[in-house]
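J.: Provided herewith is a single structure, encoded as structure tokens, for subsequent inquiry.
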Amino acid sequence: MKKLFLFTMILLIFVACDRFEHNLEPTVDNENFIIAFFNTFADSIETILPKEDVTNIMEFFHDNYSNNGLIKSDVENFYKAFSYVNMPLTFEAVIIDTNAFAIDWRLLVTSPDSETTFMDTIISDVLIETDNSYMFYGNQANMRNVVVEMFTAMSCVNCPIVEEALHNLKEEYGSRFSYVEYHINDILDPGNTPLLIYYENHGYLPYTVINGNAEIITGSSVTIQQDIEDVIVPLMEQPLTAKFLDAQADINGTTLNGSVQIELDGSISTNNLKLVAVLMEELSTEHQNHSGENLHNIELKRETVDISSLNRQELVTFTISGLDQLASGYQQLPDDLILVLWIQTLEDHYNGDTCTIYNVIEINIIR
């Protein structure tokens, strides 16, 4: 009876808190490599549970796993709790949708005759690549994330090595790390020169700004990936002073409308504080860099919202319009869209000491 009570309480905590992100609109995705990973994971659940030893299941979760505050040990206790039920259980894990590294899947736990359902929930997660597969990484919502803004051009000889470094870091750090490629004076440039000048650069590329003011790296050094990583890792370990809650966005016609709840630490001054929203194409197979490689994370539109008078409990709304008026290299809005949001101090004149980015979040836009 004690074990049954404990199991019930754990399930109530997970369901009542609802800290896993939920999405109840199933779609189909044919990314076979992710499906293969998930099927292996599903087999481990179906063949191992219910047992107190869930080591094999936990091997699918990264040590730094965090999904809306649930860390790896929480997930381990969650699966162990099923062993407290004094009856056989049947487990089914089914993939519902994938978009980039985001994955939605269903966990169904029933009695063997399927007459009693112990759990039926949709879990949203984020994957991170390993050497030969993936691991669950979570959305890292309660951790400080980092963004890199790179200024580049398709004709830039030294830019591909930096672009590759950023792409590699994205694959390594998943949702903890975002990057945006701003194109300058090519067919993918929607008008980025003023931003380049704002960051006190007058035209030389590549040009990379980390978290607004942490460090600026230029050139094409073979150590560029390590150089950037040496900067972003300490930034990720800094205390979280700004949180995004309930971020949403959708496209209606030629306009993207979005909203987000922002929770700020009292230590952050709201003077010159902005919400930056960048809509970008995740992967372009139509446009290549100077080395003939496909481009990633191409900025399509960028908007800023003044939140200097932000009520700390207020919902912030934002709009990106003119999605039918992109750079000349685009005949129409691409399908693989990602929205990157960050909170940054942006003074009228750039100040490398104060133009800090406090946190970053990505939203996959499904069209």
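Just so it is clear, none of the values below were taken in a lab; they were calculated from the coordinates. Fair warning: this is a prediction, and the values are worked out from it, not measured in the lab. When we count neighbours, we look across all protein chains shown, and the Cβ atoms used for this are built from the backbone with ideal geometry, even at glycine.
J.: Could you give me the ³J(HN,Hα) list for segment 102-110, computed from phi with Karplus coefficients 6.51, -1.76, 1.60 and θ = phi - 60°, whole Hz, x at Gly and Pro?
T.: With coefficients 6.51, -1.76 and 1.60, one gets 7, 9, 10, 8, 10, 10, 10, 10, 9 Hz.
J.: May I ask for the angle, rounded to the nearest 10°, between helix 159-173 and the longest principal axis of the chain, with both axes built from Cα atoms and the value confined to 0 to 90°?
T.: With rounding to tens, the tilt is 20 degrees.
J.: May I ask for the distance between the Cα centers of segment 117-153 and segment 237-257, given as a whole number of Å?
T.: A separation of 15 Å, based on Cα centres.
J.: Over the Cα atoms of the chain, each weighted equally, I'd like the Debye log10 I(q)/I(0) at q = 0.07, 0.08, 0.13 Å⁻¹, rounded to two decimals.
T.: -0.34, -0.44, -1.08
J.: Moving on. Using +1 at the Cβ of each Lys and Arg and -1 at the Cβ of each Asp and Glu in the chain, identify which of ASN64, GLY253, THR152 lies farthest towards the dipole's positive end.
T.: Most positive-ward Cα: ASN64.
J.: Ok, one more. Relative to the longest principal axis of the C-alpha atoms of the chain, give the angle of the C-alpha long axis of helix 224-236, reported between 0 and 90° and rounded to the nearest 10°.
T.: 60 degrees
J.: What aspartates and glutamates sit close enough to LYS80 to cross-link, taking a C-alpha to C-alpha distance under 15 Å and skipping anything fewer than 8 places away on the same chain?
T.: Answer for LYS80, where 15 Å is the Cα cut-off: GLU46, GLU52, ASP53, GLU59, listed by chain and number.
J.: For SER111 paired with ASN142, estimate the spin-label separation in nm (one decimal), with each label point 7 Å from Cα along the Cα-to-Cβ line.
T.: If labels sit at SER111 and ASN142, their model points lie 3.5 nm apart.
J.: Which aspartates and glutamates have a Cα lying under 19 Å from the Cα of LYS301, excluding residues fewer than 8 positions away in the same chain?
T.: Candidates past the 8-residue exclusion: GLU149, GLU181, ASP186, ASP189, ASP250, GLU281, GLU282, GLU286, ASP324, ASP335, ASP336, GLU362.
J.: Using R₀ = 30 Å, calculate the FRET efficiency as 1/(1 + (r/R₀)^6) where r is the Cβ-Cβ separation of ASP43 and GLU171; round to 0.05.
T.: 0.75
J.: A follow-up question, please. Return one number: the angle in degrees, 0 to 90 and rounded to the nearest 10, between the long axis of the Cα atoms of helix 2-17 and the longest principal axis of the Cα atoms of the chain.
T.: 30 degrees
J.: At ASN364 and ASP324, where each label point lies 7 Å from the Cα along Cα→Cβ, what is the point-to-point distance in nanometres?
T.: It works out to 2.9 nm between the two label points.
J.: Report the calculated FRET efficiency for GLN332 and ASP265 (r = Cβ-Cβ distance, R0 = 35 Å), to the nearest 0.05.
T.: It comes out at approximately 0.25.
J.: Using Cα-Cα distances under 8 Å and only pairs 6 or more residues apart, what relative contact order does the chain have, in percent?
T.: Dividing the mean separation by the residue count of the chain yields 14 percent.
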